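Take a look at the structure set out below.
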Amino acid sequence: MGRLTGEMDSSERHFGSGWISGMLSVILGVAGLSTVLCLLYPQLLTTADARSYYNVGWIRLIVHVVLIAAFVLGLLSVTLRQSKWLGAAGMLLVLVASLMGGSRASQRLEGQSDVYLGLDFFLLNLILLGTIFIPIERLFKKRDQPIFRGEWREDLFYFFISALFVQALAYLSLTPAFTVLASTQWASGFREMIASQPLLLQFLEIMFFTDLVQYWFHRCFHEIPWLWKFHAVHHSAKHMDWLAGSRMHLVEIVLLRAFTTLPMYVMGFAEPALYAYIFFVYLLSTFVHSNVRFHFGFLQHVIATPRFHHWHHGIEKEAINVNYAVHFPLLDRLFGTHHLPGDEWPEGYGIASHPVPTGYWRQFLYPFRKSVPKSAESADSSASKSDDVASNDETASM
Ligand SMILES: [Zn+2]
Ligand SMILES: [Zn+2]
């Protein structure tokens, strides 16, 4: 596995080196095998609400083409490249998918399951966001960084976990809102009034109220030391792109959604406005992290843009505790945390002294750990403070 990941991160990537074909083979192999697993166990691995919309005939045809392409690209990589790991891994994935039935795989379990994982949700999200953002970032990149930049595997794993546990996360984060809703029947008249407004107005109101809640939630996660340790995971990203925003501790994901969905559901907004907003915030939160150099003129003072949020992730001192809003920079102006100098961008991203370890599981445990490990202390004396309280050093880079 180490050699395979080493090959993925290899610097020898030029056209003709067999790296591009090898990576494509692995990606298509994973996508093909995942889809075969979805065909075998749809009750367990696919999102319940989406199942009835799938055209299985088309999916089988696509899997067939994907697996053949993965195999051919793997073969090409093995021929071109001295190290055979990438090509062999791609072909092995195709072999496993074929042994499971390939494009003809049929359902192995009968009946329904109340619990499912969103493997299909992961693939669809990745295809949708990748198709939109990879070309935009290639054409309008702010920083010259490859698609497979440092720590892309970690960020992709965050993306994978959030999609896979879509049902559990939705359940946990919606429970508070539904509990409040059920115990406040007396306010149904008010909710009917909210839901009867024009949809566009409801959409703007949802944006405003969720951002107001989100602003203070976000600010607490920066300014209260033990909460910061959860949020530090999000800020540990040293590269900004469409995948970087996925890096967020599971505890923070659940709490953030639980708080932001409160105004959405408790105030009684109509479903079309809620769904439109959820789709909008899904695209906007990906966009503000993306590596694009767009200038929005006057609009950058109205709505959050990549430069606005990149400053929030900036590594320099002036980027400390600024730009908390996700929609309206006006909230930061109002509460004194706005920072958007001229046409400038931050020098780099992350937390000075890099206190957060790398890797999903180490980052998962990071907020629960009491002290900095010895190796980190000896490696960087500036990080040798107690981790129980965020020091100025750490605070200085949020
Ligand atoms: Zn933050
Ligand atoms: Zn962010």
Mean projected area, convex hull of alpha-carbon positions in region 167-395, reported to one decimal in nm², is 13.6
Rounded to the nearest 20 debye, what is the charge dipole size of the chain about its Cα centre when +1 sits on each Lys and Arg Cβ and -1 on each Asp and Glu Cβ?
920
Assuming a strict under-19 Å limit between Cα atoms, what lysine pair count do you get for the chain once near-sequence pairs (fewer than 8 apart, same chain) are dropped?
11
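Looking at region 73-179, which GluC sites (Glu not before Pro) are DSSP coil and have at most 16 other C-beta atoms within 10 Å of their C-beta? Mind showing how you got there, number by number?
Details: sites: GLU110, GLU137, GLU151, GLU154; in loops: GLU110, GLU151.
Qualifying residues, ordered by number: GLU110.
If you average the sequence gap of Cα pairs under 8 Å that are 6 or more apart and divide by the length of region 167-395, what percent do you get for the contact order?
On the way: 303 pairs, mean separation 52.4, N = 229.
The value is 23 percent.
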Determine the dipole magnitude for region 167-395: charges of +1 sit on the beta-carbon of Lys and Arg, -1 on that of Asp and Glu, nothing else is charged, the reference point is the Cα centre, and the result goes in debye to the nearest 20.
420
Relative contact order for region 2-116: what is it in percent, counting Cα pairs under 8 Å that are at least 6 residues apart?
42
Given labels modelled 7 Å from the Cα in the Cβ direction, how far is it in nm from GLU318 to PHE335?
2.3
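How big is region 2-116 by the Kirkwood estimate over distinct Cα pairs, in Å?
Numbers: mean 1/r = 0.0670 Å⁻¹.
It is 14.9 Å.
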Per the helix-only model, the chain has a calculated mean residue ellipticity at 222 nm (DSSP H runs of ≥4, -39500 (n - 2.57) each, divided over all residues, rounded to the nearest 500) of -18500 deg cm²/dmol
Counting other Cβ atoms within 10 Å, which trypsin sites (Lys or Arg not before Pro) in region 142-246 have at most 13 and lie in a DSSP loop?
none
The chain - percent relative contact order, Cα under 8 Å, separation 6 or more
15
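Determine Rg/Rh for the chain; Rg is computed over alpha-carbon atoms and Rh is the Kirkwood hydrodynamic estimate from the same atoms.
Reported Rg/Rh, Kirkwood definition of Rh: 0.99.
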Protection proxy ranking of 244-254, 322-332 - average other beta-carbon atoms within 10 Å, highest first
322-332, 244-254
Any idea which of GLN214, ILE278, GLN202 is furthest toward the positive side of the dipole for region 180-293, if Lys and Arg beta-carbons carry +1 and Asp and Glu beta-carbons -1?
GLN214
Along the dipole axis of region 167-395 (charges at Cβ: +1 for Lys and Arg, -1 for Asp and Glu; origin at the Cα centre), the most positive-end residue among ALA352, GLN300, LEU255 is LEU255
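All of the numbers you see were taken from the coordinates with simple rules; none came from a lab. Since this is a predicted model, take the numbers as computed values, not measurements. In this analysis, Cβ positions are derived from the backbone assuming ideal geometry, glycine residues included, and neighbour counts consider all displayed protein chains.
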